[in-house]
Amino acid sequence: MSQIAIKVENVSKKYNLLHKQKDQADSLIGSFGGSIKNMFSSKKTSTLNEEFWALQDINFEINKGDRVGIIGRNGAGKSTLLKILSRIVKPSTGSIEYYGRMASLLEVGTGFHGDLSGRENIYLNGSILGMSKHEIDAKFDEIVAFSEVEKFLDTPVKRYSSGMYVRLAFAVAAHLETEILIVDEVLAVGDAAFQKKCIGKMNEISNKEGKTILFVSHSMQSVQKICNTGIFLQKGKIIEQNTIDKIVNRYLQSGDTGQASFDIPLPNEPINGYITKVIIENKQGQILHEIPVGSDWRVRILINVTQPIQHFIVGLGIVSSFDTPIRTSWSLPENISVGNYEIIFDNDDVMLTSGLYKLVIGLSSHVRTFQYIDDLITIIISDAGDAANNNRIINTDSGLILNPMNVTLNKL
Amino acid sequence: MCIFITYIMKTVITSSDKSFLNLSELRRYSGLFKYLSLRDVSVRYKQTKIGFAWSIIRPLINILIFGCLSILVDKTQLPTQKFLMVSAGVIFWQLLSSAINEVSNSLTVNSNILTKVYLPKLILPLSSLLVCIIDFLIAFVIFILLFIFLKGLPTWQLIFLPIVILYGLVFCFSLGLLFATASVKFRDVKFILPFIIQILFYASPVFLSTEFILKLNMPEFAKIIYQLNPFVYMLNAFKYCIYGSFDNFNILYFGISIGITFLTLIVSLKYFLNFEKSFADYI
């Protein structure tokens with residue numbers, strides 16, 4: 001029988017948002033007068049109070065030894081929930097019970113002081129996270145070994161490279177001796193090799209030591225690697241609590257992630273033809289909020305033509321998140337008459353690695369571009385969900401383009 | 001077959017505002033108290049050329065400025081007598097005012113910790129005191145050396161000194177805690193604090209002795225208010241421990257000022273505990 005580690009009942013968190021109305025004062029004296037008036041008037045006429053519920057009626061139980069991934073888009077309340085669980089802020093309603101010691105890691109290197117040496121910071125940070133001197137002494141060598149900063153232990157951490165700093169900070173936290181560990185997005189820092197090491201360490205902690213872990217991340221990949229169950233939060237409410245694979249798939253299908261169809265605003269000047277809509281979908285015509293890595297996808301562009309256009313060409317470019325153009329494709333030139341058109345760009349040959357990409361679309365007539373869209377459409381290629389089982393891919397982070405070259409081995 | 005029974009701590013988080021003084025928790029975090037205190041001490045003079053020497057030079061300069069000024073202003077007493085009297089006040093005042101300052105800033109300065117991790121928050125103001133105490137001890141040694149050189153050995157009343165210092169720290173901690181809690185929400189505190197400390201400097205027998213103030217042509221109520229100021233008896237008690245004579249001792253005012261001190265402690269603790277759980281929301 002599994003024991004309960006954390007029990008959350010009816011937890012809500014309310015914030016009051018203050019909307020300041022536009023100050024009438026334009027001058028320094030005017031604004032000074034305004035602040036004096038505010039000081040002494042009991043009626044707050046210039047501010048509007050609005051309630052905002054960051055969390056509403058949260059109920060769940062977590063069993064001992066569970067590794068729980070908390071998933072949701074920005075502003076869903078994930079961080080607020082973790083802050084309440086770790087007693088940093090108090091809930092507005094409801095109660096939480098938990099058993100055992102709890103440590104939370106909402107940030108790497110909380111309380112690190114730049115002027116102190118690595119050694120001093122290990123003790124300071126460890127004690128801030130709730131470790132006793134004995135525990136830190138006992139784990140000291142392990143922490144140093146994990147962080148790989150042996151040589152610089154007596155150097156002030158402000159002289160560290162950012163990589164060293166993060167490694168040291170994570171190393172301290174990874175050696176916490178608590179029954180419950182709360183981790184928020186801290187793996188987002190550091191390079192890929194370090195992230196792998198951290199995920200490995202987290203796996204080791206949870207499997208070997210039977211710790212209960214609550215983990216928030218935007219990387220579905222690391223959530224799936226670390227967690228066995230998940231909670232899906234949307235606008236401060238729990239949508240579902242289930243096994244992690246089901247939760248991740250639910251999240252990806254929820255449309256809570258990427259956008260799949262883009263309505264393009266009408267151009268300011270009258271032109272002969274313009275794009276009305278851009279849709280990202282798979283071959284079967286199902287729209288895709290996130291494109292599973294390695295799968296085929298296509299872009300369908302709807303165009304409204306108001307005047308006949310000679311020598312009409314549509315161009316589509318894919319640009320990486322580092323603003324590197326990856327590929328551009330053009331339609332063949334055609335003379336078209338008035339009406340509605342759709343044009344489809346199929347991406348079935350090149351597999352892009354996971355991440356964010358921008359689509360750039362241009363319409364031209366006689367090589368003169370008359371509509372150009374470059375900042376409206378972003379697509380997400382995701383390595384989560386079923387994509388991980390795609391046998392066309394060996395590794396999802398070995399380059400922008402995942403298609404392998406043709407490789408032959410000949411004996412000479 | 002064997003059964004292991006392990007004691008597992010249960011913690012309950014509720015939405016109530018109430019929090020209480022949890023001494024056993026504070027004791028569990030004594031390690032943190034130690035490292036936070038040491039942090040403040042060891043970063044104090046980091047990246048200065050003469051480093052630790054500053055904690056000798058700073059009080060020395062203060063003693064010289066106010067000591068010499070007092071000789072110039074007041075010619076009625078022996079210069080050495082006046083010099084030592086004022087410098088005793090100056091070094092003790094330095095402890096009291098820096099304690100108010102450090103405690104007042106302790107929460108806002110550590111806001112990055114407050115918003116990222118749970119800890120018994122009273123640790124932060126408490127641990128900010130050590131820096132002040134260490135500075136004071138150094139200043140005190142300098143003062144005693146000067147005293148022996150200029151006048152001779154202090155009186156036997158010196159044994160009361162630890163009590164007076166502790167009493168002073170309790171009052172300054174209480175005042176500081178009040179300011180610290182208020183400053184979580186209102187950063188105005190940061191701007192008003194230097195003025196408050198400056199006013200207290202003149203309203204307490206640091207430079208202007210109680211004898212001098214009470215002889216001034218002031219309305220009676222002003223003199224009463226002056227004597228209710230806990231700093232008056234605190235500083236005079238400090239001087240008493242060194243010279244063996246008490247400036248204008250009045251048992252009634254003495255009792256009241258002690259009462260005010262402990263009332264301040266209770267009020268500030270209450271205010272702090274009532275508000276403690278919301279710190280992260282406001283800071």
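The values are calculated or read from the model by the stated rules, or taken from the named source; none is laboratory data. Bear in mind that the values here come from a model prediction, so they are computed numbers and not experimental data. FYI the Cβ positions are ideal-geometry reconstructions off the backbone, even for glycines, and counts take in every protein chain you see. The area values use the complete protein model at the heavy-atom level, side chains included, leaving out ligands, DNA and RNA. Shrake-Rupley method; radii C 1.70, N 1.55, O 1.52, S 1.80 Å.
Annotations
- Selection within the stretch A:207-218 - within 21 Å of A:S86 (Cβ to Cβ) and surrounded by fewer than 18 Cβ atoms within 10 Å (Cβ to Cβ): A:E209, A:G210, A:H218
- Flag if B:Y226 is under 27 Å from B:A88 (Cα atoms) and crowded, with 18+ Cβ neighbours inside 10 Å: yes
- Selection of the stretch A:117-135 for residues being among the aliphatic types (A, V, I, L, M) and at pLDDT 90 or above yields A:I122, A:L124.
- Within the stretch A:72-95, residues that are more than 7 Å from chain B (Cβ to nearest Cβ) reach partners that are open to solvent by 10 Å² or more (accessible area, probe 1.4 Å) and polar (S, T, N, Q) with beta carbons closer than 6 Å, at six or more positions or on different chains, in the pairs A:G72/A:Q234; A:A76/A:Q234.
- Elements of type strands (runs of 3 or more DSSP E) in the stretch A:303-354, at least 2 residues being open to solvent by less than 40 Å² (accessible area, probe 1.4 Å) and modelled with pLDDT of 90 or more: A:309-320, A:339-347
- Matching entry among A:I380, A:I373, A:I343 (being out of contact with any helix residue (DSSP H, G or I) (no Cβ under 6 Å at 6 or more places or on another chain) and over 14 Å from A:I301 (Cα atoms)): A:I380
- Among the residues here, B:F195 qualifies as of a type in the set (F, W, Y), surrounded by fewer than 15 Cβ atoms within 10 Å (Cβ to Cβ) and over 19 Å from B:F254 (Cα atoms).
- Any hit, the stretch A:360-371, residues being assigned by TED's automatic domain parsing to the domain that holds A:G285, among the polar types (S, T, N, Q) and surrounded by fewer than 13 Cβ atoms within 10 Å (Cβ to Cβ): yes
- Scanning the stretch A:258-276 for residues that are surrounded by 20 or more Cβ atoms within 10 Å (Cβ to Cβ) and outside any strand (DSSP E or B) yields no hits at all.
- Answer residue from the stretch A:115-129, given it is crowded, with 23+ Cβ neighbours inside 10 Å and more than 7 Å from every other protein chain (Cβ to nearest Cβ) and is nearest to B:R44 (Cα to Cα) among those: A:N121
- When the helices (runs of 4 or more DSSP H) confined to the stretch B:3-86 are screened for residues that are in contact with a Pro (Cβ under 8 Å, 6 or more places away or on another chain) and of a type outside the set (F, W, Y), those reaching at least 2 such residues are found at B:23-28.
- If the condition is being touching a residue at least 12 places away in the same chain (Cβ under 8 Å), basic (K, R) and within 12 Å of another protein chain (Cβ to nearest Cβ), then the stretch B:40-61 contributes only B:R44.
- Inside the stretch B:91-124, residues that are within 14 Å of chain A (Cβ to nearest Cβ) and small (G, A, S) make up a count of 2.
- Selection within the stretch A:277-288 - in contact (Cβ under 8 Å) with a residue 60 or more places away in the chain and open to solvent by 50 Å² or more (accessible area, probe 1.4 Å): A:K283
- Exactly one residue out of A:E290, A:E269 is out of contact with any helix residue (DSSP H, G or I) (no Cβ under 6 Å at 6 or more places or on another chain) and in the same structural domain as A:R368 (by TED's automatic domain parsing), and it is A:E269.
- For the stretch A:314-350, a tally of residues being of a type in the set (A, V, I, L, M, F, W, C) and more than 22 Å from A:K283 (Cβ to Cβ) returns 4.
- Hey, B:P79 away from chain A (no Cβ under 14 Å) and open to solvent by less than 10 Å² (accessible area, probe 1.4 Å) or not: no
- Residue within the stretch A:382-390 that is under 30 Å from A:C227 (Cα atoms) and free of Cβ contacts under 8 Å to residues at least 24 places away in the same chain present: yes
- Sole residue being within 14 Å of chain A (Cβ to nearest Cβ) and open to solvent by 10 Å² or more (accessible area, probe 1.4 Å), chosen from B:L26, B:L64: B:L26
- Test: A:E148 is open to solvent by 40 Å² or more (accessible area, probe 1.4 Å), of a type outside the set (S, T, N, Q) and at positive phi: yes
- Positions within the stretch A:96-114 being more than 7 Å from every other protein chain (Cβ to nearest Cβ) and of a type in the set (F, W, Y), in sequence order: A:F112
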